[in-house]
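The next block holds one structure in the form of structure tokens; read it before the comments.
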């Protein structure tokens, strides 16, 4: 049994070093504030004002327009689309095995009334370009690691693990440097 008075148990609730699903230390993605979440409803209407899309296209488009700062989940996009459809603002049509959505006349009126305030611009306003580039580099590295894990040999995976361990140590060393 773990000692209830251990350092971890006394300090786990404090500051940015609380335990999360990503382990100890700062939150995944950095120690800064979480990126603001945009208005999924407004984003869906704005995107559909450009062209019909299915939900996954919308997710990817929002992620691209916010440079990765906002990637709405399917659990937020699809219920929003269902609600917009129930309200008569959009209509869904089956096309090539996918359900694409398009604005109705009423939906177009509502989208037009919101022009000038694009939700992805609100999310990226004030974003640190350096943090965006760091996040992009991380996701590119993640993709490479997943590819080695899925397609590489055991020897290649072991070499990649060693490289990742060394890289992690060197990144922490950067934080330890005098600023």
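Which condition number in (1) assigned to a helix (DSSP H, G or I); (2) exposed (fewer than 13 other Cβ atoms within 10 Å of the Cβ) is the one that residue 77 fails?
With (1) assigned to a helix (DSSP H, G or I); (2) exposed (fewer than 13 other Cβ atoms within 10 Å of the Cβ) applied to residue 77, the lone miss is (2).
I need the full set of residues from region 145-166 which are assigned to a helix (DSSP H, G or I) and loosely packed, with under 11 Cβ neighbours inside 10 Å, in order please.
146, 150, 151, 154, 155, 162, 165, 166, listed by residue number.
Scan region 44-101 for residues that are more than 27 Å from residue 134 (Cβ to Cβ) and touching a residue at least 60 places away in the same chain (Cβ under 8 Å) and jot them down.
Correct list: 45, 46, 48, 49.
Which members of region 115-131 meet the condition of being farther than 12 Å from residue 63 by Cα, part of a helix (DSSP H, G or I) and touching a residue at least 40 places away in the same chain (Cβ under 8 Å)?
Across region 115-131, the qualifying residues are 122, 131.
In region 93-106, how many are surrounded by 11 or more Cβ atoms within 10 Å (Cβ to Cβ), modelled with pLDDT of 95 or more and more than 21 Å from residue 64 (Cα to Cα)?
Looking only at that region, the number is 3.
If residue 86 passes every condition in (1) modelled with pLDDT of 95 or more; (2) surrounded by 13 or more Cβ atoms within 10 Å (Cβ to Cβ); (3) within 20 Å of residue 39 (Cβ to Cβ) but one, which one does it miss?
Looking at each condition in turn, residue 86 falls short on (2).
The values are calculated or read from the model by the stated rules, or taken from the named source; none is laboratory data. The shown structure was predicted, so the numbers you read here are calculated from the model rather than taken from an experiment. Positions of Cβ are backbone-derived with ideal geometry, glycine not excepted, and every protein chain shown enters the neighbour counts.
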